[in-house]
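J.: Please find one structure pasted underneath; my questions will follow.
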Amino acid sequence: MNSAVMKKAMYLFVLPALLFYCIFWIFPILKLFQYSLTDYNGYVQSFDYVGFDNFKQLFGEEILGASIKNTLAYTAITVVLGNAIALALAILLNANIRAKGFYRSAFYIPTLFSAIVVGFIWSYVYMPGDGLIASFFAKVGLGGLDTNFLGSYSKALYSIIAVDIWKNIGTSVIIFLAGLQTVPNELLEAGKIDGAGRWKLFRFITLPMLATSVTINITLSVINGLKAFDFPFVMTNGGPGISTNTLIYAMYKMAFTDQLFGKASALGLISFAIIIAITVVCVLTLNKKEVSA
Amino acid sequence: MTNESRVKRLSTHAILLALVFINLVPLLIVLSSSLRSPRNMTNPLNWFNEFTLESFESAYTRMHFPVALWNSVVLTVVSVAFVVLFAAMAAYPMARIKSRTSKFLYLFFLAGLVVPGQMVLIPVIQMIKGLGIPLGQYTPILMFITCSLPFSTFLYTGFIRSGVPEEVEEAAYIDGAGLFKRFWQIVFPLLLPVTVSVIITQGVWIWNDYFFNMVFITKALDAPLPVAMLGFLGDQQNPAQWNVLFAACILCALPLLVMFFALQKYFVGGLTMGSVKG
């Protein structure tokens, strides 16, 4: 229908979006490459090129390895646990019961709260002494248990991961539930008649039919985990020590607290490379699985 | 109904109710504490032992609630309007034209999804200053629009490709309607389901964002709700009591909660948009 001229004219429609996207998203990323080779501090406009010093420094310091490890743990746990819980909840909700909408909303509500508010509420929940968990333990006679969740090197990271899962699970539940509703009942009935058990029905009928929702949920939670920033920022300031530093939080702190823009840019680029590599591998694997399922 | 299936149903309800309870306990404690007077320091676990709006009144004044609410509304509405406009327009050629350029553009936008805003922030402040754009109350809008483009163009493009074939424009084309007219009068109205989805998914994150707002907004009275809350939390000179802070938490979340319960159907539909269409 459209002539070639019309098609060319159509590209004008991309311009506003493209302009914003290039100026405020792509160009800054390119700028990072430049800054990463300098000793720029973000305030004084003159800076010197220092070659790969920033990268060399980073590779010699503990913070890089620690924040990579924390970010990977954060991502792995939120992806696996978050999606497993969400899928289990969605399957429960998909049963033929009343008040489905009520339950669904109840799991979705935390999603509507700002990370600031969620971080504050959970800081109270985790607080030693008067916090929710601590006073609950005291009430049931377990007062002797250590409840300093956010102050402990070994527990702080897992504690903020739990908050992330709590906040984001509602969205995944809704997406899985929509996927489950596309699984035709006849297919499950046919499977039952053929003598398939519950696990087999799930593995060979439900799960393949859920492929799209699984892909979406896993992809979104992988990206969300690799970009994790909110809860280290709001709840722990990366601490105690550097035990809850994620890559993005470490980069932010380096830039805005330590005023090392150059070094932070280098860390940003390393993080970026890691995020892209993992996301691409995930998306390709999931797509292959989805096609074959 | 057989006895067995009744037992099964009841136990499903029991399990779900228990899970909902565990899930919402922190929020219920916050609600119960916010309904106490600021001086009531009894154990929060003895919940709902007092009902007064004193803490709410204090939080309402101290976080300048009406001003912060208005700021949130302006930031969110303006940003989302531009996102809808720009993303729908950009998706149109990306879905209609089958060429390398079009495919490249689609992936180029989509790739932006993996970029963390914190990373872009370092150079972007310099960029904005360099362009002579003043830093202030409305600067975050630029970042909100930009950050929302990858996901929104992805949704719109997918929808046009699978759900809005070129044939719908045929009659108008024969009548000699230009591209612009065909897009706005015929294609855009058909995109309503995606537009709802974009408004909801992007609107919620923009409403709740504290990061870009915190970076660009320096005056207390320019701040939207999450930043007003942040300032209130960090006020060392004038620390607030727990109950007042909890009331502030509820106030901060209230507008979205009200929206959610009023428009639940659209929220659920909007969230699943990308996942069912593929």
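J.: Quick check: the distance between the Cα centres of the range B:123-176 and the range A:264-285, to the nearest angstrom?
T.: Using only Cα atoms to place each centre, the spacing works out to 25 Å.
J.: For chain B, what is the mean residue ellipticity at 222 nm derived from helices alone (per DSSP H run of n ≥ 4: -39500 (n - 2.57); sum divided by total residues; nearest 500 deg cm²/dmol)?
T.: Rounded to the nearest 500, the figure is -23500 deg cm²/dmol.
J.: Roughly how crowded by other chains is peptide A:167-178, in terms of the mean Cβ count from those chains within 10 Å of each of its Cβ atoms? Don't jump to the answer; show the numbers that get you there.
T.: Numbers: counts 0, 0, 1, 2, 4, 2, 1, 7, 7, 2, 3, 7.
The mean count of partner-chain Cβ atoms within 10 Å per residue comes to 3.
J.: Sort chain B into rounded, prolate or oblate with this rule: let a ≥ b ≥ c be the square roots of the eigenvalues of the Cα gyration tensor; rounded if a/c is under 1.5, and if a/c is not under 1.5, prolate when a/b is larger than b/c, oblate otherwise.
T.: Numbers: a/c = 2.63, a/b = 1.39, b/c = 1.89.
Here chain B falls in the oblate category.
J.: Let me ask you something else. Which whole number gives the average count of other chain Cβ atoms within 10 Å of the Cβ atoms across peptide A:104-111? Walk me through the numbers on the way to the answer.
T.: Details: counts 2, 6, 8, 5, 5, 9, 5, 6.
Mean shielding by partner chains, rounded to a whole number: 6.
J.: In the Gaussian network model of chain B, springs joining C-alpha atoms below 10 Å, which of B:Asn243, B:Asn213, B:Asn46 carries the largest mean-square fluctuation?
T.: Looking only at B:Asn243, B:Asn213, B:Asn46, the largest GNM fluctuation is found for B:Asn46.
J.: Under a Cβ-Cβ cut-off of 13 Å, what is the net charge of the residues other than A:Thr219 that fall near it, where Lys and Arg count +1 and Asp and Glu count -1? Let's see the in-between values first.
T.: On the way: positive: A:Lys227, A:Lys289; negative: A:Glu290.
For residues surrounding A:Thr219, the net value is +1.
J.: Tell me, what ³J(HN,Hα) does each residue in the range A:175-184 have, in order and in whole Hz, if you take phi through Karplus 6.51 cos²θ - 1.76 cosθ + 1.60 with θ = phi - 60° and put x for Gly and Pro?
T.: These are the phi-based 3J(HN,Hα) values: 5, 4, 4, 4, x, 4, 6, 8, 7, x Hz.
J.: Where the centre of each part is set by its Cα atoms, how far does the range A:9-72 sit from the range A:194-222, in angstrom?
T.: About 39 Å separates the Cα centre of the range A:9-72 from the one of the range A:194-222.
J.: How many square angstrom of accessible surface are buried between B and A, both sides summed, with a 1.4 Å probe and rounding to 100?
T.: Details: alone 16780 and 17540 Å², together 25650 Å².
So the total buried area for this chain pair works out to about 8700 Å².
J.: Assign one of three labels to the range A:1-133, namely rounded, prolate or oblate, based on the Cα gyration tensor with a ≥ b ≥ c the square roots of its eigenvalues; rounded applies when a/c is under 1.5, prolate when it is not and a/b is larger than b/c, and oblate otherwise. Provide the component values of the computation, followed by the final result.
T.: Working: a/c = 2.53, a/b = 1.21, b/c = 2.08.
Since a/c reaches 1.5 but b/c is at least a/b, the shape of the range A:1-133 is classed as oblate.
J.: Is it possible to state the helix-based mean residue ellipticity at 222 nm for chain A, with each DSSP H run of 4+ residues giving -39500 (n - 2.57), the sum divided by total residues, to the nearest 500 deg cm²/dmol? What is it?
T.: So the calculated ellipticity at 222 nm is -19500 deg cm²/dmol.
J.: My understanding is that a pair violates if its Cα-Cα distance is over 20 Å; which of A:Lys192/B:Lys8; A:Lys227/A:Lys253; A:Lys100/B:Lys265; A:Lys8/B:Lys98; A:Lys8/B:Lys103; A:Lys69/A:Lys288 do that in this structure? Present the calculation step by step, with values, prior to reporting the outcome.
T.: On the way: A:Lys192/B:Lys8 18 Å; A:Lys227/A:Lys253 15 Å; A:Lys100/B:Lys265 13 Å; A:Lys8/B:Lys98 12 Å; A:Lys8/B:Lys103 14 Å; A:Lys69/A:Lys288 28 Å.
Result: A:Lys69/A:Lys288 exceed 20 Å.
J.: GNM on chain B, C-alpha springs below 10 Å: top fluctuator among B:Tyr173, B:Tyr156, B:Tyr138?
T.: Highest fluctuation of the listed residues: B:Tyr173.
J.: Hey, can you rank B:161-170, B:77-86 by average C-beta count inside 10 Å, highest first? Don't jump to the answer; show the numbers that get you there.
T.: Working: B:161-170: 14.3, B:77-86: 19.5.
Order by mean packing, descending: B:77-86, B:161-170.
J.: So which residue, out of B:Met119, B:Met214, B:Met41, gets the largest mean-square fluctuation from a GNM of chain B using Cα contacts under 10 Å as springs?
T.: Of the options given, B:Met119 has the highest mean-square fluctuation.
J.: Same structure, new question: Using the Kyte-Doolittle scale, find the helices of chain B whose mean hydropathy is at least 1.0 and whose Cα atoms extend 18 Å or more along the helix's long axis, counting only whole DSSP H runs.
T.: Details: long enough: B:3-34 (44 Å, 1.07); B:65-96 (46 Å, 1.69); B:117-130 (19 Å, 1.16); B:140-163 (34 Å, 1.09); B:192-208 (24 Å, 1.24); B:242-262 (30 Å, 2.30); B:264-277 (20 Å, 0.11).
Qualifying helices, which must be both long enough and hydrophobic enough, are B:3-34, B:65-96, B:117-130, B:140-163, B:192-208, B:242-262.
J.: Using amide H atoms built in the peptide plane, which far-off residues or other-chain residues are under 5 Å from A:Thr38 H to H?
T.: The list, which skips near neighbours in sequence, is A:Val50.
J.: For the range B:195-268 and the range B:38-80, compute the distance between their C-alpha centroids and round to whole Å.
T.: Comparing the Cα centres of the range B:195-268 and the range B:38-80, I get a distance of 10 Å.
J.: Follow-up. Label the range A:53-292 by shape, choosing from rounded, prolate and oblate, from the square roots a ≥ b ≥ c of the eigenvalues of the Cα gyration tensor; if a/c is under 1.5 it is rounded, and otherwise prolate applies when a/b is larger than b/c, oblate when it is not.
T.: On the way: a/c = 2.62, a/b = 1.42, b/c = 1.85.
Oblate.
The values are calculated or read from the model by the stated rules, or taken from the named source; none is laboratory data. Source: prediction; values computed, not measured. Every residue, glycine among them, receives a Cβ derived from its backbone with ideal geometry; neighbour counts consider all protein chains shown. In case anyone asks, the SASA skips ligands and DNA or RNA and just uses the protein heavy atoms, side chains included. Shrake-Rupley method; radii C 1.70, N 1.55, O 1.52, S 1.80 Å.
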